[in-house]
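Undergrad: Quick one: structure below, then a few questions.
The values are calculated or read from the model by the stated rules, or taken from the named source; none is laboratory data. Every value quoted in this text rests on a predicted model; they were computed, and no experiment measured them. Note: ideal-geometry Cβ built from the backbone for every residue, glycine included; neighbour counts use all protein chains shown. Calculation scope for accessible area: heavy atoms of the full protein, side chains included, ligands and nucleic acids excluded. Shrake-Rupley method; radii C 1.70, N 1.55, O 1.52, S 1.80 Å.
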Amino acid sequence: MASRKWTQTSRVREGRPFPLGATWDGLGVNFALYSRHATRVELCLFDARNREVERIALPEYTNEIWHGYLPDVRPGQRYGYRVHGPYAPEEGHRFNPNKLLLDPYAKQIVGELKWAPHLFGYTLGHRDGDLSFDRRDSASYMPRCAVIDPAFSWGAERAPATPWDRTVIYAARVRGLTMQHPDVPQAERGTLSALRHDAVVDHLSHLGVTAIELLPVHAYVDDQQLLERGLRNYWGYNTIGFFAPQPRYLSLGTVAEFKQMVARLHNAGIEVILDVVYNHTAEGNELGPTLSFKGIDNASYYRLADDRRYYINDTGTGNTFDLTNAGALRMVMDSLRYWVTEMRVDGFRFDLATILGRERHGFDASGSFLDAVRQDPILSQVKLIAEPWDIGPGGYQLGQFPPGWAEWNDRFRDTVRALWRGDGGQLPEFATRFTGSADLFDHHGRRPSASINLVTAHDGFTLHDLVSYNDRHNEANGEDNRDGHSHNLSSNHGVEGETDDPAILSVRARQMRNLLATLLLAQGTPMLLAGDEFGHSQQGNNNAYCQDNPLSWIDWERAAQPAAQAQVAFVRRALSLRRRYGLLRRNRFLRGEYDEALGLRDIDWRHPDGRGMEEADWHDAGLRALLIILDGRSPDSGLREPGRHVSLALLLNAGEQPQRFCVSDDALSFRRVLLQTDETPLEPDEEGAWTLPPRSLCLLAASSSA
């Protein structure tokens with residue numbers, strides 16, 4: 001097919017170099033494609049049966065952008081590109097016009113990739129490997145781009161604009177959250193339409209979360225090796241289209257479905273945050289397929305090694321996107337602005353974000369991308385969350401991102417897990433993490449909310465499995481249980497996996513409440529993993545990236561059971577307290593310094609016997625209990641009731657024995673129990689002391705006259 005003589009029938013004008021992509025202006029469509037090194041670009045048009053019907057050479061080349069205008073093309077037109085240029089892998093060039101390519105700016109992608117040898121720019125099995133040149137046409141195996149009409153009536157939609165100190169994030173997958181929801185119509189399950197269903201929105205609203213963070217919704221590819229094992233990519237960290245939603249997430253077949261979802265959630269006061277993957281693409285290394293960027297301008301879009309045949313692999317996926325290149329950087333910035341301005345999302349969580357700040361000399365908080373975002377009048381105003389690590393040199397950069405960014409805090413995760421598992425010597429680290437990790441984030445005017453606190457995430461055990469398994473059980477992944485983390489800081493509390501033992505079940509339930517309470521009461525921004533509110537299990541699989549099936553889908557029938565609903569009620573209670581008491585979500589870091597004028601500390605760390613913690617106490621590896629006083633009389637506490645100051649006391653017993661706490665103060669009388677993780681009602685004794693059962697937590701309140 002590559003040698004067929006094509007007759008051009010469509011009218012073509014020179015068009016404009018901007019905007020990039022396919023843009024419908026109401027009269028026709030402008031096509032523009034960036035390629036610095038191409039020698040010719042052909043626009044391929046397809047009919048409704050996906051047959052290629054025309055090839056049109058884009059007539060103009062302006063400032064490294066190929067462009068043309070087709071006055072007869074309308075929304076819905078399917079298209080792709082064939083790009084001509086040198087095939088010289090040793091020089092970094094992999095042009096092959098036999099391969100149909102996706103437009104990097106495509107707003108909609110139709111169909112899914114079908115793996116075949118035709119997708120590769122070289123001939124598989126050839127003695128010269130990727131230096132060989134494959135002449136087979138790939139169009140039959142490729143999805144298509146589609147021209148969209150961006151018009152949409154947003155109605156009364158208003159972005160919630162939730163302040164950071166009031167933000168509570170709920171991390172979820174589009175499919176996993178709704179595939180088994182009994183109230184969602186079967187045809188909508190696992191799609192964006194399901195997320196706007198009343199049953200789903202009501203659950204989020206009643207729970208008290210303020211933002212849903214969706215795992216990647218950008219168009220992505222199912223890995224060939226997964227399909228061969230009867231699995232597929234569930235998490236979506238294999239992007240091929242940074243402007244288009246994943247086709248399988250569209251039940252209605254148009255991108256308006258995404259906008260409808262956003263509008264519904266916004267009207268319920270819930271923000272939408274997207275997990276985005278701008279660090280790599282689905283094209284892999286030199287042995288990977290040619291689907292888009294590799295065939296459009298490989299040397300511009302990817303970071304190449306000194307031997308330019310090969311790729312720098314700081315992502316562990318085979319390639320690394322080159323954000324030091326102006327064209328690649330522009331594409332990422334345009335993508336982000338598109339999702340904010342056209343799709344109206346409220347923020348982004350950046351996968352392996354250290355890569356985005358890595359310049360030629362290493363990570364730089366003032367690097368090209370980070371500076372571009374910081375100065376951008378649109379992007380600087382949305383929520384920006386970094387996963388501050390990757391596998392490249394100097395890859396761990398927790399706390400080093402610039403002002404305006406929040407960061408996933410794995411040190412909070414690991415410390416809280418270790419503390420409640422019963423590990424000794426955790427109290428000094430816990431005190432720092434519980435109060436917002438000032439050692440990491442208290443610089444350049446950053447706030448405690450910059451710490452995204454988490455106990456669980458998509459990558460790792462669910463909360464239920466964290467307290468039910470000592471070891472990972474990833475056999476279903478087909479990798480001989482070698483994949484996934486081995487350092488989980490988990491405990492099965494007596495039996496590996498499921499059990500009917502009431503004593504073990506009781507401990508596990510209490511431990512889940514302990515972990516949840518610590519997460520939701522700590523300074524910083526809490527992130528709750530979908531399903532943890534009622535004990536969702538993945539049967540010990542801590543790397544369910546390929547489990548797009550009931551193993552990972554949330555079991556809503558189980559969620560309706562009494563024990564699960566009791567845990568949901570606990571989470572709702574904890575979040576209601578967080579909303580009510582500003583001292584649990586301060587906008588300033590707690591110092592613990594003595595204020596002589598007021599005669600108090602904003603936070604007071606005490607030994608269970610009531611005295612102030614001393615240096616020896618902090619280093620007592622056997623001490624697993626702590627009393628924390630948050631004093632509401634502090635002028636910036638943000639915790640005032642009419643005529644009174646409300647102070648809080650957190651009693652924490654991570655040990656295996658009951659612990660008595662002397663909670664006495666001349667000015668404060670702690671009498672109200674706001675939250676407790678043990679089901680037995682707590683009361684103070686005659687001396688005002690409280691005795692907590694093993695492995696339990698309690699939040700008390702006291703009022704004093706103004």
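Undergrad: For segment 423-573, with only Lys/Arg (+1) and Asp/Glu (-1) charged at the beta-carbon, what is the dipole magnitude about the Cα centre, in debye rounded to 20?
TA: Value, rounded to 20: 840 debye.
Undergrad: Which of rounded, prolate or oblate describes segment 14-109 when judged by the alpha-carbon gyration tensor and an a/c cut-off of 1.5?
TA: Note, shape of segment 14-109 comes out oblate.
Undergrad: Another question about this same structure. Rounding to the nearest 20 debye, state how big the charge dipole of segment 112-215 is about its Cα centre with +1 on each Lys and Arg Cβ and -1 on each Asp and Glu Cβ.
TA: The dipole of segment 112-215 has a size of about 220 debye.
Undergrad: Here's another thing I want to ask about it. 7 Å from Cα along Cα→Cβ at both Glu686 and Arg11: what's the point-to-point distance in nm?
TA: 9.9
Undergrad: Provide the net charge surrounding Glu614, with neighbours chosen by a C-beta distance below 12 Å and charges set as Lys +1, Arg +1, Asp -1, Glu -1.
TA: So the environment of Glu614 carries a net charge of -2.
Undergrad: While we're here: How far apart, in nm, are the 7 Å Cα→Cβ label points at Ala569 and Thr499?
TA: Inter-label distance under the simple model: 2.6 nm.
Undergrad: Using R₀ = 51 Å, calculate the FRET efficiency as 1/(1 + (r/R₀)^6) where r is the Cβ-Cβ separation of Arg135 and Ala161; round to 0.05.
TA: It comes out at approximately 0.40.
Undergrad: Next question. Students often get this wrong, so check it: of Lys99/Lys383; Lys5/Lys99; Lys114/Lys383; Lys114/Lys294; Lys259/Lys294, which have C-alpha atoms separated by over 27 Å?
TA: Going by Cα-Cα distance, Lys99/Lys383; Lys114/Lys383; Lys259/Lys294 fall outside the 27 Å limit.
Undergrad: With a 1.4 Å probe and every protein chain left in place, work out the accessible area per residue of the chain in Å², rounded to a whole number.
TA: Each residue of the chain exposes 37 Å² on average to a 1.4 Å probe.
Undergrad: Roughly speaking, what is the centre-to-centre gap between segment 170-211 and segment 289-339 when only Cα atoms are used, to the nearest Å?
TA: Cα centroid to Cα centroid, the span is 34 Å.
Undergrad: Tell me the net charge near Gly592. Cut-off is 9 Å between Cβ atoms, Gly592 excluded, with +1 for each Lys or Arg and -1 for each Asp or Glu.
TA: That sum, taken over residues with Cβ under 9 Å, equals -1.
Undergrad: Return the whole-Å distance between the Cα centroid of segment 447-463 and the Cα centroid of segment 519-591.
TA: 10
Undergrad: Still on this structure, please answer the following. Using just the alpha carbons, could you tell me how many Å³ per residue the convex hull of segment 176-278 encloses?
TA: Value for segment 176-278: 106 Å³ per residue.
Undergrad: Just want the answer: with Cβ charges of +1 for Lys and Arg and -1 for Asp and Glu, which residue in Val455, Leu207, Val221 is farthest toward the dipole's positive end in the chain?
TA: In the chain, that residue is Val221.
Undergrad: Let me ask another. Work out how much length Glu479 to Gln561 would gain on full extension: take 0.36 nm times their residue separation and subtract the Cα-Cα distance, in nm to one decimal.
TA: 26.2 nm
Undergrad: Still on this structure, please answer the following. Give me the number: length gained by fully extending Arg309 to Gln225, i.e. 0.36 nm times residue separation minus the C-alpha to C-alpha distance, one decimal in nm.
TA: Between Arg309 and Gln225, full extension yields 27.9 nm more.
Undergrad: So, one more: Of Asn313, Val110, Pro526, whose Cα points farthest to the positive end of the dipole of the chain (charges on the beta-carbon: +1 Lys, Arg; -1 Asp, Glu; origin at the Cα centre)?
TA: Going by the Cα projections, it comes out as Val110.
Undergrad: Between Ala57 and Ser664, what is the label-to-label distance in nm when each label sits 7 Å out along the Cα-to-Cβ direction?
TA: Placing both labels 7 Å beyond Cα along the Cβ direction yields 9.4 nm.
Undergrad: Please work out which option in (i) 3, 14, 17, 14, 13, 11, 9, 8, 5, 3, 2, 1, 1, 0, 0; (ii) 3, 15, 27, 28, 19, 6, 1, 0, 0; (iii) 3, 14, 23, 24, 17, 10, 6, 3, 0, 0 gives P(r) over Cα pairs in 10 Å bins from 0, in percent calculated from these coordinates, and answer with its label.
TA: Answer by label: (iii).
Undergrad: Full-extension gain between Thr432 and Ser576, please, as 0.36 nm times their residue separation minus the C-alpha to C-alpha distance.
TA: Using 0.36 nm per residue and subtracting the Cα-Cα distance, I get 49.4 nm.
Undergrad: Top to bottom by accessible area (1.4 Å), largest first, where do Trp66, Trp389 land?
TA: Ranked list, largest accessible area first: Trp389, Trp66.
Undergrad: State the percentage of accessible surface on the chain attributable to carbon and sulfur atoms; use a 1.4 Å probe and exclude ligands, DNA and RNA.
TA: Its accessible area is 46 percent carbon and sulfur atoms.
Undergrad: Just to verify a number: FRET efficiency for Trp154 and Arg74, C-beta to C-beta distance, R0 = 30 Å, to 0.05?
TA: Efficiency, rounded to the nearest 0.05: 0.80.
Undergrad: Report, in debye and to the nearest 20, how large the dipole of the chain comes out about its Cα centre when Lys and Arg carry +1 and Asp and Glu carry -1 on their Cβ.
TA: Value, rounded to 20: 2260 debye.
Undergrad: Sticking with this structure for a sec: Whenever you get a sec, line up Thr62, Thr39 from highest to lowest accessible area (probe 1.4 Å, protein heavy atoms).
TA: Sorted descending by solvent-accessible area, the residues read Thr39, Thr62.
Undergrad: Another one. May I ask you to derive the FRET efficiency for Ser380 and Glu342 from their Cβ-Cβ distance with R0 = 25 Å, giving the value to the nearest 0.05?
TA: Plugging the Cβ-Cβ distance into 1/(1 + (r/R0)^6) gives 0.90.
Undergrad: Around Leu70, what is the net charge, scoring Lys/Arg as +1 and Asp/Glu as -1 over all other residues with Cβ under 9 Å from its Cβ?
TA: +1
Undergrad: Please name whichever of Leu516, His536, Asn549 sits farthest to the positive end of the charge dipole of segment 498-564, dipole taken about the Cα centre and charges placed at Cβ: Lys and Arg +1, Asp and Glu -1.
TA: Among Leu516, His536, Asn549, the one farthest towards the positive end of the dipole of segment 498-564 is Leu516.
Undergrad: Another question, then. When the helix-only estimate is applied to the chain (DSSP H runs of n ≥ 4, each -39,500 (n - 2.57), divided by the residue count), what is the mean residue ellipticity at 222 nm, nearest 500 deg cm²/dmol?
TA: When only DSSP H runs of four or more count, the value is -6000 deg cm²/dmol.
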